[in-house]
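Single-structure report; data block below.
The values are calculated or read from the model by the stated rules, or taken from the named source; none is laboratory data. Since this is a predicted model, take the numbers as computed values, not measurements. Every residue, glycine as well, gets a Cβ built from its backbone with ideal geometry; the counts of neighbours run over all protein chains shown. We work out accessible area using only protein heavy atoms, side chains counted, and drop any ligands, DNA or RNA first. Shrake-Rupley method; radii C 1.70, N 1.55, O 1.52, S 1.80 Å.
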Amino acid sequence: MEGSSDGVIVSRVLRGDVDAYRVLVERYRDRYARYAFHMLGNREDAEEALQDAFTRAYRSLARCEDPERFGAWLFRILVNRCRTLGARRGRRAKTFVVDEGAILDAAEDHPADRAAWREEIDRALHRLRADQREAFLLKYVEDMGYDEMSQLTGVGVSALKMRVMRACDRLRELLSEVHSA
Amino acid sequence: MPDDELNMRRIARDLRASSPRVDKSFDDRVMAAVRSLPRHARLTLWSRLTAPRTVTVKPLGWSVLAASVALLAIFGFNRAVDDVRVASKPIVAAVFPKTGAAAVKPPQRVQFVLVAPEAKKVAVVGDFNGWDAGHASYQAQHRGGGVWSVTAPVPIGHHRYSFVVDDSVWVTDPMAPRVMDNDYGVANSAIVVEEQK
């Protein structure tokens with residue numbers, strides 16, 4: 001069943017095969033955890049948002065209008081959960097935990113420098129406004145086009161372009177401060 | 001590629017690489033949460049019911065439609081099906097006691113009707129009952145001919161709702177306008193409840 005399309009698995013779940021849903025969880029959890037982690041700033045909140053998204057998606061699975069695109073539908077739910085959770089916990093101090101085991105070896109730098117640099121990127125990312133961070137992550141980390149982003153977020157293309165541009169400017173500014181320090 | 005664009009791509013690459021892996025127990029936690037929810041079933045019924053417009057336009061549906069129209073007449077239900085459905089004629093005068101001179105306006109009694117010939121159970125869920133399919137006041141009764149209805153209190157104002165068939169299948173009201181639910185990217189039905197004059 002692991003090789004089956006999303007649509008086939010969704011059909012099985014809708015016919016009462018609850019265990020089939022695990023395949024969808026395995027399929028999407030890592031990629032979507034990445035988005036939630038960068039959006040929310042810590043692993044606990046990211047896992048909570050992701051679990052909530054999977055649970056909500058299951059509960060409303062019969063309302064998924066295009067089961068073959070379950071992943072895109074789930075992502076939309078996750079983006080909204082991150083917005084809600086992020087707003088609720090906006091004032092809470094963020095912790096930036098870098099999972100050493102997940103860091104790729106970098107050829108050009110010493111691994112320790114590389115890890116420190118990535119922490120700086122995380123810090124800079126979380127100094128962005130939430131809407132700019134969201135737009136930047138969707139555009140560059142999730143590699144989405146503006147039309148797709150617009151569909152997902154309900155925000156117009158020109159507004160999204162503006163958010164991405166401001167996010168890039170701010171990131172550049174923050175990271176150059178680190179470099180010059 | 002301009003330098004700035006290249007830099008952003010590099011930052012994005014580093015962000016992808018620095019993401020934590022999800023804890024191994026995550027899948028089990030999700031599946032435990034999922035198993036605590038009602039199990040999905042009856043996809044074929046869902047397929048039929050998710051084409052609500054067919055209920056009113058197919059020739060074969062005339063007998064059912066006639067039954068539902070008769071039912072509506074019996075209950076004195078009168079609603080406009082144009083731009084916005086207005087629950088304009090709550091069928092029972094406000095029966096809820098006022099709690100004070102400046103009290104919040106009482107809910108109005110609104111009748112919900114769904115034609116679902118193969119359903120075993122129909123409930124109404126909405127923002128007015130916490131989307132709770134088990135809420136006792138919102139369980140529809142079978143009136144014959146596949147017509148289900150319930151008359152229940154709904155506060156004055158704009159609301160979103162849906163029918164839940166057999167505890168698992170969500171169906172929008174074929175007679176009401178549909179509005180998008182941002183969380184799920186799917187539609188609910190919309191209702192405007194006005195104060196009875």
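Values as computed for the structure displayed
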item	result
Residue within the range B:1-9 that is open to solvent by less than 30 Å² (accessible area, probe 1.4 Å), under 21 Å from A:Val13 (Cβ atoms) and at pLDDT 75 or above present	no
Those residues of the range A:154-172 which are within 12 Å of another protein chain (Cβ to nearest Cβ), in a helix (DSSP H, G or I) and open to solvent by 20 Å² or more (accessible area, probe 1.4 Å), in sequence order	A:Met165, A:Asp169, A:Arg170, A:Arg172
Check on A:Glu68, open to solvent by 50 Å² or more (accessible area, probe 1.4 Å), modelled with pLDDT of 90 or more and more than 10 Å from chain B (Cβ to nearest Cβ)	yes
Every residue from the range A:56-80 that is polar (S, T, N, Q) and closer than 21 Å to B:Thr172 by Cα	A:Ser60
Qualifying residue in the range B:21-39 (condition: acidic (Asp, Glu), in a helix (DSSP H, G or I), closer than 17 Å to A:Ala115 by Cα and modelled with pLDDT of 65 or more)	no
Within the range A:38-65, tally of residues that are under 20 Å from B:Pro20 (Cα atoms), within 7 Å of chain B (Cβ to nearest Cβ) and open to solvent by less than 10 Å² (accessible area, probe 1.4 Å)	2
Filter result for the condition that a residue is closer than 20 Å to B:Arg109 by Cβ and within 14 Å of chain A (Cβ to nearest Cβ), over B:Tyr138, B:Tyr161	B:Tyr161
Residue match in the range B:168-175 (condition: in contact (Cβ under 8 Å) with a residue 40 or more places away in the chain, within 12 Å of chain A (Cβ to nearest Cβ), in a loop (DSSP other than H, G, I, E, B) and within 20 Å of A:Trp73 (Cβ to Cβ))	yes
Residue within the range A:121-142 that is surrounded by 13 or more Cβ atoms within 10 Å (Cβ to Cβ) and at pLDDT below 80 present	no
